[in-house]
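Notes to accompany the following structure.
The values are calculated or read from the model by the stated rules, or taken from the named source; none is laboratory data. Small disclaimer: the values here were computed from a predicted structure and weren't measured. With ideal geometry, Cβ positions are generated from the backbone for all residues, glycine too; neighbour counts draw on all protein chains shown.
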Amino acid sequence: MTLLQYADETTRQLVLPKLYSGEWSATMCLTEAHAGTDLGIMRTSAQPQPDGSYLISGSKIFITAGEHDLTDNILHLVLAKLPDAPAGSRGISLFLVPKFLYDANGNKTATRNQLQCGSVEHKMGIHGSATCVMNFDGATGYLLGEANKGLAAMFTMMNYERLAMGSQGVGAAERAYQNALAYAKDRLQGRVAGKDANKAEPIIGHPDVQRMLMTVKAMTEAGRSFAIYVGHRLDQAKFANDADALAVASLLTPITKAFLTDRGFESCVMAQQVFGGHGYIREWGMEQWVRDVRIAQIYEGTNGIQALDFAARKLFADNGKAIQLLLAEIASQLNAHPNAQLAALLNDYQQLLTRLAQQPAQLGEFLAAHACDLLDLTGYLLYGYVWNKTLAALPACDEGEQFIASKQQTAAFFFDRLMPKAQGYLQILNKAPTVLDTALF
Ligand SMILES: Cc1cc2nc3c(=O)[nH]c(=O)nc-3n(C[C@H](O)[C@H](O)[C@H](O)COP(=O)(O)OP(=O)(O)OC[C@H]3O[C@@H](n4cnc5c(N)ncnc54)[C@H](O)[C@@H]3O)c2cc1C
């Protein structure tokens, strides 16, 4: 996506077919040892050459698929600084740096560019993905887009990556749920009220196991509906040039990244818990879901940074236009399909926003401390919205009685046993922030 938007026509013609076909692959090289979240202090440099190319020098760490022999060539998209670049994130440019240089026909040449993988990280999970230190020692690179506007160009891809992370959280949780459900129907342990007192029963008969399974199911199905809702908004923005849809999709991007991956991780842990000790043992595969989904909370910007993007940058931007569009949409859906619990939460949420907007002097400090609480509260509100939309759609559903009954039960579980957790966030957010002294930590 970044190359499509920022590379010149010749480069697009040469490299995109190879990327689309999978013949070549690509990386995104942002992170350096001392510059992770704070990319403005990166040191990788780009020296202009007489032929219009640049020599890229510096060391990047944690580069996904930085080196491997799965594809013929690897195109590195590298963030670096030009000699006269302004300080901070306004002085970052983006370069295309191929592993092997290619000729005018786009064919890989035998000339290896001056870059190397320094080492491969040993990680908690995602062992199928090589996470590399990449050293660039005067490697030939080509500027993509305008000088000093590289971060915005990288974000063309990053915003979609962040949305994809949310779906990854939902996907991992769904698979963990399916495994846990099958196990809970099979594993015989303990007596169940009303059944044979001398016989062990499947653990799905225990209310606490039901709680775990239903929690994962309700949050995962809401997560999937929510991801589809955001996808719909993106389609409206892209194909119908709908500016309101774009504003809402932009507001929802950090929520999709953080809320869906946080809930995805919690769901995998809860599904693992259904297995008891067997969940901790490698052969059942559950510990792998826990390990693998964990990274989704960290990369593409940590979930704490997503929360700040949501609360401190986007929520009150443009007089809160995007959130008000969204809240009006929920209110209008509630008019057509009343739901007392969702209506009450919507009202509390609106009051909270009004109160916060009236205190602009302390707002920045408050949001810095409470961004995650605010993001989670918003997540519960939006999951309530998508569950209410699901309930509203059921009369027209032709998937059969069992499917409909299952949706109704899961929605009821969400509204009765999960959405009330939002009240805890409201209590926290309706207080002044606790002042913390780091010397006392
Ligand atoms: C397996 C893996 C693959 C990766 N793949 C890539 C890749 O392909 N390309 C790439 O460029 N990078 C990649 N990364 C890097 C990843 O994006 C960073 O690790 C991540 O953005 C966080 O940066 P950091 O690790 O330096 O943490 P830091 O920036 O040091 O953050 C540490 C903690 O401080 C918090 N924090 C930092 N700054 C602030 C702030 N201003 N306000 C509030 N809290 C703050 C963070 O939320 C975090 O909790 C990968 C990382 C891993 C582990």
Original post:
Which condition number in (1) closer than 30 Å to GLY285 by Cα; (2) within 15 Å of the ligand (Cβ to nearest atom) is the one that ASP69 fails?
Top reply: (2)
Original post:
When residues of the stretch 182-201 are filtered for being within 29 Å of the chain's Cα centre (by Cα) and either part of a loop (DSSP other than H, G, I, E, B) or free of Cβ contacts under 8 Å to residues at least 60 places away in the same chain (or both), how many remain?
Top reply: 1
**OP:** Residue by residue through the stretch 24-42, note down the ones that are more than 6 Å from the ligand (Cβ to nearest atom) and among the aliphatic types (A, V, I, L, M).
**Re:** ALA26, ALA33, ALA35, LEU39, ILE41, MET42
Subject >> Among the candidates GLY118, GLY88, residue that is more than 24 Å from MET1 (Cβ to Cβ) and in contact with a Gly (Cβ under 6 Å, 6 or more places away or on another chain) >> reply: GLY88
Original post:
Do we have GLN341 as at pLDDT 95 or above, among the polar types (S, T, N, Q), more than 14 Å from ALA247 (Cβ to Cβ) and surrounded by fewer than 20 Cβ atoms within 10 Å (Cβ to Cβ) here?
Top reply: yes
**OP:** Working carefully through the options ASP137, ASP186, find the one that is touching a Ser or Thr at 6+ places or on another chain (Cβ under 7 Å) and surrounded by fewer than 15 Cβ atoms within 10 Å (Cβ to Cβ).
**Re:** ASP137
**OP:** Quick one: in the stretch 294-326, of everything that is free of Cβ contacts under 8 Å to residues at least 24 places away in the same chain and outside any loop (DSSP other than H, G, I, E, B), which residue is farthest from the ligand (Cβ to nearest atom)?
**Re:** GLN324
Original post:
Limited to the stretch 31-78, what total is found for residues that are surrounded by 13 or more Cβ atoms within 10 Å (Cβ to Cβ), in contact (Cβ under 8 Å) with a residue 60 or more places away in the chain and not in a strand (DSSP E or B)?
Top reply: 7
**OP:** Go through the residues of the stretch 81-98 one by one and say whether even a single one is part of a helix (DSSP H, G or I), out of contact with any strand residue (DSSP E or B) (no Cβ under 8 Å at 6 or more places or on another chain) and within 16 Å of the ligand (Cβ to nearest atom).
**Re:** yes
